[in-house]
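Some notes on the structure that comes next.
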Amino acid sequence: MSDVWAGGGNEMTEQLQLTAEDLACQTPAGFAWYVSGGPAKRGTAYFKNEIFRLTRHHDLLNVEALKLVRTALTGDGAGSRLAIAIPCGHGKSSFTSLALPGWLVGRYPAWKGMLITHSYDFAVEWGRRVRDVVKEHGDRLFGVRIRRDMEAIDNWETPEGGGMLSLGSQ
């Protein structure tokens, strides 16, 4: 899968006869590729105007993230954690702080998440990005919207009660 994605998402969709929207709904990495402009082959502001390319470490992150989601949904592995040690500029934040929460809210609209970083401003910036991605793509991909009365950048919700609270540890 990663070899095909490394060359571009369009080959993946053609090979598996998936639409770009289908691919975006399947995994957090597919969602990252979609919202970064992959189907149009042009970058978007969500990913600094670059198309998200799934490399081997993103493939591994994707698999491990899906394992955590599965254990959370089944109730197995309470307190399971994933430590990520990857150099700067390799997509950790884009994947874990934007694509994964955006995909989770899309797939599971009642999911409630918290995004906690070293500072409030940094957390709010990522929370705003996730909210904006869900506002732009959530309805088309997943049938999910943001409540108009609960769409603050640091605390927003879906009509199903899910959403995200962004906090700084300081």
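Things to note:
- Between the amide H of Leu115 and those of Leu165, Ser166, Leu167, distances stay under 5 Å, these residues lying 5 or more places away or on another chain, with hydrogens modeled in the peptide plane.
- Across all directions, the average projected area of the convex hull around the alpha carbons of segment 66-170 is 7.1 nm².
- Ordering of 153-160, 27-34 by packing [mean C-beta count within 10 Å, highest first]: 27-34, 153-160
All of the numbers you see were taken from the coordinates with simple rules; none came from a lab. For clarity, every value in this text was computed on a predicted model and none was experimentally measured. Every residue, glycine as well, gets a Cβ built from its backbone with ideal geometry; the counts of neighbours run over all protein chains shown.
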